[in-house]
Amino acid sequence: MEFKLEAHRIVSISLGKIYNSRVQRGGIKLHKNLLVSLVLRSARQVYLSDPCPGLYLAGPAGIPAPPPQQQPGEPAAGPPAGWGEPPPPAARASWPETEPQPERPSVSHAPRVGDEVPVTTVTGVGDVLQGGEADATEAAWSRVERPRQAAAREAEGPAGGWGVFPEGSLAARRPCFCPLGGEDPPGTPATTPRTACCCAPRPAEDEPPAPPAVCPRKRGAAGVGGGPAGCPAPGSTPLKKPRRNLEQPPSGGEDDDAEEMETGNVANLISIFGSSFSGLLRKSPGGGREEEEGEESGPEAAEPGQICCDKPVLRDMNPWSTAIVAF
Amino acid sequence: MARRAGGGNDIQWCFSQVKGAVDDDVAEADIISTVEFNHSGELLATGDKGGRVVIFQQEQENKIQSHSRGEYNVYSTFQSHEPEFDYLKSLEIEEKINKIRWLPQKNAAQFLLSTNDKTIKLWKISERDKRPEGYNLKEEDGRYRDPTTVTTLRVPVFRPMDLMVEASPRRIFANAHTYHINSISINSDYETYLSADDLRINLWHLEITDRSFNIVDIKPANMEELTEVITAAEFHPNSCNTFVYSSSKGTIRLCDMRASALCDRHSKLFEEPEDPSNRSFFSEIISSISDVKFSHSGRYMMTRDYLSVKIWDLNMENRPVETYQVHEYLRSKLCSLYENDCIFDKFECCWNGSDSVVMTGSYNNFFRMFDRNTKRDITLEASRENNKPRTVLKPRKVCASGKRKKDEISVDSLDFNKKILHTAWHPKENIIAVATTNNLYIFQDKVN
């Protein structure tokens, strides 16, 4: 359990670093971001493999659905092994989520997503920060909005990642979290209202000032500034995998649209995570609790009560685990 | 007078000078980012975050004051790089000087290469101590005379003037690096040099600025597969075809340019297997090599990672021949160091002139020396307190845990904002330059 908390903390710190690197002078430091992404990956692996099954279930269903077997490619004997306890079989890993949330099926896909492109996912967050807003709930949205606007106003001019971001997209735009690759099928079931797609102005961004250097995916071209952070949602690459995964449904009833949802939900998770970034931005560093609350309000459209929870850490394991899994 | 050769512990290090502002409030532009002696040791160059280069010159030894070697005084100051803006990528390019490398002296002028993240410049530093006087058509202040007023002719002559040191950029090597330049290294042929960024190494000719050869390219076709970056590179001091580069994964690759035009395949790979008992979240970060330096002899190379200094024999690839722990007490603090970003600090290391002692920096303004022969090490502090010229430095000790003895400092009271990243050792003498955040300390061995 302590490992999980530790991993949790490290993940949040890492994401904060990646976020801050985008507004640093001189552009993104590839080396540092690579190292941070490695830490992020290690922490994620520990997080997923730490055997703490039912402790922090917050959902109504209360029974963790065993996740599908992790891919053999998953280095299960990787960093967690060093902790002295070999990671348990993935099936026992922490999947506390059983609420009938649309993201659930994608949760099972997500490790693969993460495995495939561990580095990318990190940037995926960044991309969403740049391009995607949207949370499920209005409350979260307004919370997110203000710091974003502040950040955007501050980082005037292309020096910071926010500055280039079209200001209009913040307040005026309806929340939309199309992953930059624009892959979200329009039929993505609704965790998020998506009216006017804010993808349109993204091309206008052209070369965002500080795309996550770790993965300038699509444009691959010229390095740090190499292309807009055209990292499509992590869902793009491993699209095939979830299909296989569906053979063992992680939780009931979502198989049909699992595949469709997968991209959308991963993006959803990323945007949720994005809102937690705002938490990181506006709160003092290490204000883990507050971030989690802010982030929780994202997916928990159906559970508004959780926004002001008594045991933020345990509760927040829920959305955190799903978000982390998304990476 | 016999000077002891090497011997980090046989030497008694004395405070000599400190350069820089006294106040605690450090202006960001004043943060020293590189320190380098020239080949004779007479000149000492520093670069800072504000893009300036300051060169100090050693006074000629005063026969009367034989108790100390010449002091270093400011010789030249110039703005090497300015902040730039890449409009295409909307990226600001910092003016911080990442590295300075001196060229060996060929004539009266001195030449050095200085680089920021993107552009390398060759600077000529020359002295002017005479000026022509007695022009026929010009007044002394430069105004032109009316030719009709000229009634006699004279030959202009050179007259002495106050020494003026001028720095002028002779070459600008730009637009060859997409990523941030971390190293430059001049070849032993003194005609070419390499520059390395995170993913590529380019070979330049000092005379040619409009093109360079790419000799190493580790950029994967799919950036998602990126797993390591280049962290430092250096030419071999004697073999003009050999260079090494270190990676963020803790490996060093030695390449031979005769083997192929693109040296993606190494000739030798130096890597020490990881100790599994030390595995943690941060193992990868602390194994990243921050500096690599060949010994003067060319037989060994030294690498610096976060916690240790390793000496490698070029003939043995599977493990270093010597490993020195710089601040092992930090191993249990890696998480906090990750949080405050200290774990990403890039410490440099250096050899003394005889390759018998190596030196590197640490926190709390401490720096460490390791004597390879006696296997002894010493920790010293660069501090203005209690430091008068010729005061012998007192060895320091950090207490990792448990009872703290008198004069020891506990790990928790170390100041992690006071870090010594850049140090340099005079090529011939026991004179060292140690850069704290914004001050440059010069220490010498005690001269009897």
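The values are calculated or read from the model by the stated rules, or taken from the named source; none is laboratory data. These figures come from a predicted structure and were not determined experimentally. FYI the Cβ positions are ideal-geometry reconstructions off the backbone, even for glycines, and counts take in every protein chain you see. Areas reflect the complete protein model, heavy atoms only, side chains present, ligands, DNA and RNA absent. Shrake-Rupley method; radii C 1.70, N 1.55, O 1.52, S 1.80 Å.
Using only alpha-carbon positions in the range B:176-276, the gyration tensor eigenvalues give semi-axes of 22, 17, 11 Å once each is multiplied by 5 and square-rooted (largest first).
Accessible surface calculations at 1.4 Å, restricted to protein heavy atoms, place the range B:43-179 at 56 Å² per residue. Total buried accessible area between A and B, probe 1.4 Å, nearest 100: 3600 Å².
Dimensions of the range B:270-363 from C-alpha coordinates, computed as largest minus smallest value along each principal axis and given longest first, are 40, 26, 17 Å. Only the Cβ atoms of Lys and Arg (+1) and of Asp and Glu (-1) were treated as charged; on that basis the dipole of the range B:261-356 about its Cα centre amounts to roughly 160 debye. Applying the Karplus relation 6.51 cos²θ - 1.76 cosθ + 1.60 with θ = phi - 60° to the range B:424-438 yields 3J(HN,Hα) values of 8, 10, 3, x, 10, 10, 8, 10, 10, 10, 10, 9, 8, 4, 10 Hz, where x marks Gly and Pro. Remark: spin-label model distance B:THR151-B:VAL26 equals 6.7 nm, labels positioned 7 Å along the Cα→Cβ axis.
The label-point distance for B:GLU322 and B:ASP275, in a model that sets each label 7 Å from Cα toward Cβ, rounds to 1.8 nm. So for the range B:84-186, what percent of the C-alpha to C-alpha distances run longer than 23 Å? Of all Cα-Cα pairs in the range B:84-186, 53 percent lie more than 23 Å apart. Per-residue Karplus couplings for the range B:293-306, computed as 6.51 cos²θ - 1.76 cosθ + 1.60 with θ equal to phi - 60°, are listed in order as 9, 6, 6, 5, 6, x, 8, 10, 9, 10, 10, 10, 10, 5 Hz, Gly and Pro entered as x.
If N is the number of residues in the range A:1-48, what value comes out of its Cα radius of gyration divided by 2.2 N^0.38 Å?
1.22
The distance from the alpha carbon centre of the range B:386-406 to that of the range A:1-50 is 36 Å, rounded to a whole number.
The gain in end-to-end length when the B:SER126 to B:THR391 segment is fully stretched comes to 91.9 nm, 0.36 nm per residue minus the alpha carbon separation. Here is the short version for chain B: B:CYS14, B:CYS240, B:CYS335, B:CYS342, B:CYS349, B:CYS350, B:CYS399 have no other Cys C-beta closer than 4.7 Å. Using only Cα atoms, locate the centre of the range B:412-448 and the centre of the range B:237-295, then give the distance between them in Å, rounded to an integer. With the range B:412-448 and the range B:237-295 each reduced to a Cα centre, they are spaced 27 Å.
Looking at this model, which pairs from B:LYS249/B:LYS394; A:LYS29/B:LYS403; B:LYS89/B:LYS268; B:LYS293/B:LYS446 are more than 30 angstrom apart at the alpha-carbon?
Result: B:LYS249/B:LYS394; A:LYS29/B:LYS403; B:LYS89/B:LYS268 exceed 30 Å.
Taking K and R as +1 and D and E as -1, what net charge do the other residues with C-beta under 15 Å from the C-beta of B:SER246 add up to? In short, -2. Farthest towards the positive end of the charge dipole of the range B:318-422, among the residues B:GLY361, B:CYS342, B:LEU380, is the Cα of B:LEU380, using unit charges on the Cβ of Lys, Arg, Asp and Glu.
For the range B:135-236, just run the numbers: alpha carbon Rg, then divide by 2.2 N^0.38 Å, N being how many residues it has. If you can, show how the numbers build up before the last one.
Numbers: Rg = 24.9 Å, N = 102, 2.2 N^0.38 = 12.8 Å.
In units of the 2.2 N^0.38 Å rule of thumb, it is 1.95.
For B:LEU103, the amide hydrogen comes within under 5 Å of the amide hydrogens of B:PHE111, B:LEU112, B:LEU113, counting only partners 5 or more places away or on other chains and with H modelled in the peptide plane. Taking Cβ atoms as reference points and 14 Å as the exclusive limit, the residues near B:ASP341 contribute a net charge of +4, counting Lys and Arg as +1 and Asp and Glu as -1.
Across the range B:213-255, the fraction of Cα-Cα pairs farther apart than 13 Å, rounded to a whole number, is 59%. When all alpha carbon pairs of chain B are counted in 10 Å bins from zero, the resulting P(r) reads 4, 19, 29, 25, 13, 5, 3, 1, 0, 0 %.
Sequence-distant contacts, meaning Cα pairs under 8 Å at least 6 residues apart, place the relative contact order of the range B:94-221 at 21 percent. For the range B:117-134, 3J(HN,Hα) computed residue by residue from phi via the Karplus equation (6.51, -1.76, 1.60; θ = phi - 60°) reads 5, 10, 10, 10, 10, 9, 10, 10, 10, 10, 9, 10, 10, 9, 9, x, 10, x Hz, glycine and proline entered as x. Take the convex hull of the alpha carbons in the range B:327-433; its mean projected area over all directions comes to 7.7 nm². With 50 Å² as the minimum drop in accessible area between chain alone and full protein complex (1.4 Å probe), the qualifying residues in the range B:243-292 are B:ARG279, B:PHE281, B:GLU284. Grab the other residues whose beta carbon is less than 15 angstrom from that of B:TYR135, score K and R as +1, D and E as -1, and report the net. Charge balance in the 15 Å sphere: +2. When the solvent-accessible area of chain B is split by element, carbon and sulfur atoms take up 47 percent of it, the probe being 1.4 Å. Proximity of backbone amide H atoms, modeled 1.01 Å from N, is registered between B:PHE294 and B:MET302 at under 5 Å, excluding neighbours fewer than 5 places apart on the same chain. In this structure the amide hydrogen of B:SER410, modeled in the peptide plane, comes within under 5 Å of the amide hydrogens of B:CYS399, none closer than 5 places in sequence on its chain.
Considering helices alone, the calculated mean residue ellipticity of chain B at 222 nm is -500 deg cm²/dmol, with DSSP H runs of length four and up weighted by -39500 (n - 2.57) and normalised per residue. Tell me whether the range B:152-196 comes out rounded, prolate or oblate; compute the Cα gyration tensor, take square roots of the eigenvalues as a ≥ b ≥ c, and use a/c under 1.5 as the rounded threshold. Because a/c hits 1.5 or more and a/b exceeds b/c, the range B:152-196 counts as prolate. Counting only other chain Cβ atoms within 10 Å of each residue's Cβ, the peptide B:218-228 averages 6. Using every Cα-Cα pair within the range B:240-295, state what percent have a distance larger than 14 Å. Here the long-distance tail beyond 14 Å is 59 percent of all Cα pairs in the range B:240-295.
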